[in-house]
Amino acid sequence: MAKRTGAVHVATTQRKYKNKVYQTHLLRRTYREGGKVKHETLGNISHLPGELIEIIRGFLSGRQYAPLSDAFRVEASVPHGHVEAVLGAIKKLGLDKIIGAKRTRERDLVVAMIAERLIHPASKLATTRLWRTTTLAEELGVADADADDLYGAMDWLLSRQNGIEKKLAARHLSEDATVLYDVSSSYYEGRTCPLAQFGYNRDRKKGKQIIVYGAMTDADGRPIAVDVYPGNTGDPTTVPDQADKLRDRFGLSRVVLAGDRGMLTQTQIDHLKKHPGVGWITALRSGAIRRLAEGGALQLSLFDEQNLAEFSSPDFPGERLVACFNPLLADERKRKREELLTATEKELSKIAVKAMRRTKTPMPKTEIALAAGKVINKYKMAKHFRLDIEDGSFSFSRKAESIEGESALDGIYVIRTSEPQEKLTAEDAVRTYKGLSRVERLFRTLKGIDIRVRPIRHRGAGRVKAHIFLCMLAYYVEWHMRKALAPLLFADERLDEDRLTRDPVAPADISDHAKRKKARRTTDDGLPVHSFDTLLAALGTRCKCRCKIKSRPDAPTFEQLTEPTPLQRKAFDLLGL
């Protein structure tokens, strides 16, 4: 009897051998013969990739296939990876819950503004436009928000600032903790905010009013709190607020406050002495160091065989003084002084020539004095020059004894602290003071390309305070992300460990591992090394695509994430995502 044509299909069988399961995929034809169903094996396709086997199985069962380009279309492709990283870091840190225990519209807007500050900092109006160009607005459900909604969320955030800072302090500060504090300023665009005043403009923007803000961090540079002051506020006058905050708001009975010598002046130290639980670490000004040297308390012979020496002086009762000598700093100060002296002489020579040429109407003594005073004040070299001014004549010369006296102290700085030896060694006192560079890094990040606290245009004092607090929270996130992503960044991963053991006075040097990474510009596993900004941009190339099946116009769209690159996968792993 002739065989009847039958259906071809893929049959899969499996068997177990030594605790392993083996599958066999056979191409078979099924047919009837004499009223019985029989199977004929046409071939073994087990060697083919699993995806291809499934395609063969589907095709033989009647499923229709079309070229991929004809199957569906991509309606939108939106950058997502950097949003995924930043929001993941915020959630992992629990910062969203610190800002607000329950999810609310205001909390989502604040979290979105913090994330956008890291991804693409801009004005609040521009923020509402920019976060629609990524998945950020969609992820947090704020795509419908306008600038007024953001301003309302900022007001809400400001009302919660004290509570948020208290939670951060409880997380990162403890009894006997060391706190770093420093002050900076940023220029203000406009004249409507009462905080905007003329003062010491660190941004060197002539004619611009400024706003002063002081940042407090833990010993590692992690931001805890920020306060905003009028632009004409002197740095030292902000210190009492910080002492009160540590004691009253944060509830710390014992803490050590570190600030630079321009911050913790004698007046502020006298104020801190009224609070026995608040210790301090700072440095002496050059004038005080000179007086100690002239009085014999500080002897330069201390540095013949060492670069650090502890001593005491009746001028500073109850304090420990630690003198340090850095030869590279000494060379730098000598170089800079000579440049300033030369520049001053060049300008004074022009005045002398001008006075000599004025023969018909000699230059009055007062005119010459004003011109010379402007020059020596510009370069701050008045103490090193001797001026001889008369009507119609002007001459000058260097004060060799003054220059030599100052040069003798080049490279020397003195740390002063209230902390006893059993709580703080001389070496750790120096390390702590030099740790203020971590607060300076906070200010550089706020003002640089990462967060861009300026320009400040908000009209009300409250909005300015909320804006700066928002930027501080963004830096809090960036600080932790930088720590986690250090293997992919131009950063010394062993810096924190080395700081604890290396010479506190000698110039810092990066580790050999960091040198190799910077020289190769690649990591040990061959990935490109980035700055924080370019790494976020690289993460942003991972997109979320919205797709739709072409053959079914009524079918719903579906989303598909692009596969992460090795760099992106490594970054997500480091972030714990």
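Region 124-183 and region 228-266 have Cα centres lying 24 Å from one another. Across region 137-294, C-alpha contacts under 8 Å between residues 6 or more apart give a mean separation that, scaled by the residue count, equals a relative contact order of 20 percent.
One Cα centroid belongs to region 316-375, the other to region 439-512; the line between them spans 36 Å.
Could you work out the local net charge near ASP260, counting Lys and Arg as +1, Asp and Glu as -1, over the other residues with Cβ closer than 10 Å to its Cβ? Summing Lys and Arg as +1 and Asp and Glu as -1 gives -2.
For LYS518, neighbours were defined as the other residues whose beta-carbon sits under 15 Å from its Cβ, and their charges (Lys and Arg +1, Asp and Glu -1) total +1.
Under 1.5 on a/c is rounded, so check that first for region 459-577, then, if it is not, pick prolate when a/b is larger than b/c and oblate when it is not; a ≥ b ≥ c are the square roots of the alpha carbon gyration tensor eigenvalues. Because a/c hits 1.5 or more and a/b fails to exceed b/c, region 459-577 counts as oblate. In this structure, the amide hydrogen of ALA491, modeled 1.01 Å from its nitrogen in the peptide plane, lies closer than 5 angstrom to no residue at least 5 positions away or on a different chain.
When the helices of the chain are scored as -39500 (n - 2.57) per DSSP H run of n ≥ 4 and the total is divided over every residue, the value at 222 nm lands at -12500 deg cm²/dmol. 3J(HN,Hα) along region 244-252, derived from phi through the Karplus expression 6.51 cos²θ - 1.76 cosθ + 1.60 where θ = phi - 60°, amounts to 5, 5, 4, 7, 8, 7, 8, x, 9 Hz, with x in place of Gly and Pro. Could you derive backbone 3J(HN,Hα) for region 212-225 from the dihedral phi with the Karplus parameters 6.51, -1.76 and 1.60 (θ = phi - 60°), listing whole Hz in sequence and x where the residue is Gly or Pro? Using θ = phi - 60°, the values come out as 9, 9, x, 10, 10, 10, 7, 5, 8, x, 6, x, 10, 7 Hz.
Coupling constants for region 125-138 follow from the phi torsions by the Karplus curve (6.51 cos²θ - 1.76 cosθ + 1.60, θ = phi - 60°), and in residue order they are 5, 5, 4, 5, 8, 5, 6, 7, 7, 10, 8, 4, 4, 5 Hz; glycine and proline get x. Taking amide hydrogens as placed 1.01 Å from N in the peptide plane, the amide H of LEU321 sits under 5 Å from those of PHE311, each at least 5 positions away in sequence or on another chain. Solvent exposure of the chain amounts to 52 Å² per residue of accessible area, where only protein heavy atoms count and the probe is 1.4 Å. Listed values (i) 29.7; (ii) 26.0; (iii) 25.2 include one computed from this model; for Kirkwood radius over Cα pairs in Å that value carries the label (i). For region 68-174, the list of trypsin sites (Lys or Arg not before Pro) that fall in a loop by DSSP and count at most 13 other C-beta atoms within 10 angstrom reads LYS102, ARG103.
Per-atom-type breakdown for the chain gives carbon and sulfur 52% of the accessible area (1.4 Å probe, protein chains only). Note on LYS365: aspartates and glutamates with a C-alpha under 16 Å away, same-chain residues under 8 apart excluded, are ASP388, GLU390, ASP391.
The values are calculated or read from the model by the stated rules, or taken from the named source; none is laboratory data. Just so we're clear, the structure is a prediction, and the values are computed from it rather than from any experiment. In this analysis, Cβ positions are derived from the backbone assuming ideal geometry, glycine residues included, and neighbour counts consider all displayed protein chains. Surface accessibility is based on the protein's heavy atoms, side chains included, excluding ligands, DNA and RNA. Shrake-Rupley method; radii C 1.70, N 1.55, O 1.52, S 1.80 Å.
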